[in-house]
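Heads up: the structure comes next, in structure tokens.
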Amino acid sequence: MRPPLPTVHTVTALTCRAGVVVNYRNGETVLLTGDALNRWLAALEDSPAPAPVLVHDPAVSWGTSEVPVRLPTVGRPPLAWRIVATAVLASTLAVRAAGPRSERFGRLRRLAETGSALPPPSAAHASLAVRSIRWAAGNVPARVACLEESAAAALLLALGGRGGVWRHGIATDPIRLHAWICDGDGRPVEEPAHTDHYTPINPRP
């Protein structure tokens, strides 16, 4: 498949073995290697797209490294947080469902960046927001993956006057994408230790 041309919406993540191009407008993600990657990098030089992001490439594990596939059970947040988190998550899922499917990623990204100009939250504040959204997610009959969860948590923080915390990044071996929330010091909130394996690549508003 011929990759699309670079635009202001595309971010290129370079590992030692491949390039991953993410379109932050529509969510289209393309893996490039060899000549296709070389052609893409050449096209980048004459485009408005940002410079490539270099991704930390750890030693190949040959499948011997393990990461948890399930987050720990979330305790009950305070009642007020549960009520607001449920409403925010419902709004996030409504935004996901509204409009063309091809633009779903972009809608959720814009939602996650709602509070980008606001002061960052404390670690405790961000942790409570994430735990509240995860509690709400456990009570709705709908798919809530990391993108929806992190966007809802960012929106919840924005409603409380805090923001600029949404991250979307890439890890290798194998190549995979993940979205999460950070506190004011840039530390992942309520995330397993292996989240540090991800290099943030999303453009900062």
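Do we find a residue being farther than 13 Å from residue 170 by Cβ, among the β-branched types (Val, Ile, Thr) and either surrounded by 18 or more Cβ atoms within 10 Å (Cβ to Cβ) or in contact with a strand residue (DSSP E or B) (Cβ under 8 Å, 6 or more places away or on another chain) (or both) anywhere in segment 23-35? There is at least one residue in segment 23-35 that is farther than 13 Å from residue 170 by Cβ, among the β-branched types (Val, Ile, Thr) and either surrounded by 18 or more Cβ atoms within 10 Å (Cβ to Cβ) or in contact with a strand residue (DSSP E or B) (Cβ under 8 Å, 6 or more places away or on another chain) (or both). Listed conditions (1) in contact (Cβ under 8 Å) with a residue 40 or more places away in the chain; (2) in a helix (DSSP H, G or I); (3) not hydrophobic (A, V, I, L, M, F, W, C) are all met by residue 162, apart from (2). Per the listing 179, 193, the residue uniquely farther than 18 Å from residue 87 by Cα and at pLDDT below 95 is 193. Scanning segment 175-201 for residues that are within 17 Å of residue 128 (Cα to Cα), in contact with a helix residue (DSSP H, G or I) (Cβ under 9 Å, 6 or more places away or on another chain) and without any contact (Cβ under 8 Å) to a residue 40 or more places away in the chain yields 180, 188, 191. Scanning segment 146-191 for residues that are over 10 Å from the mean Cα position of the chain (by Cα), open to solvent by 30 Å² or more (accessible area, probe 1.4 Å) and either among the small types (Gly, Ala, Ser) or under 23 Å from residue 31 (Cα atoms) (or both) yields a total of 8. Screening 48, 58, 77 for residues that are buried (at least 18 other Cβ atoms within 10 Å of the Cβ) and at pLDDT below 95 leaves exactly one candidate, 77.
Restricting attention to segment 192-204, the residues that are in a helix (DSSP H, G or I) and open to solvent by less than 50 Å² (accessible area, probe 1.4 Å) add up to 2.
Note on segment 101-132: residues that are outside any loop (DSSP other than H, G, I, E, B) and of a type outside the set (Lys, Arg) total 16. Taking every residue in segment 77-100 that is assigned to a helix (DSSP H, G or I) and pairing it with any residue that is of a type in the set (D, E, K, R), at least 6 positions away or on another chain, the pairs with Cβ-Cβ distances below 7 Å are 92/148; 93/148; 95/107; 96/104; 96/107; 96/148.
Scanning segment 120-148 for residues that are touching a residue at least 60 places away in the same chain (Cβ under 8 Å) and not small (Gly, Ala, Ser) yields 120, 121, 130, 134, 135.
Kindly indicate whether residue 138 is surrounded by 18 or more Cβ atoms within 10 Å (Cβ to Cβ) and either small (Gly, Ala, Ser) or over 14 Å from the mean Cα position of the chain (by Cα) (or both). In short, no.
Among the residues of segment 130-142, at least one is within 14 Å of residue 95 (Cβ to Cβ) and not β-branched (Val, Ile, Thr).
The values are calculated or read from the model by the stated rules, or taken from the named source; none is laboratory data. Remember, it's a predicted structure, so these values are computed and weren't measured experimentally. Quick reminder, even Gly has a Cβ in these numbers, built from the backbone with ideal geometry, and neighbours come from all protein chains shown. In case anyone asks, the SASA skips ligands and DNA or RNA and just uses the protein heavy atoms, side chains included. Shrake-Rupley method; radii C 1.70, N 1.55, O 1.52, S 1.80 Å.
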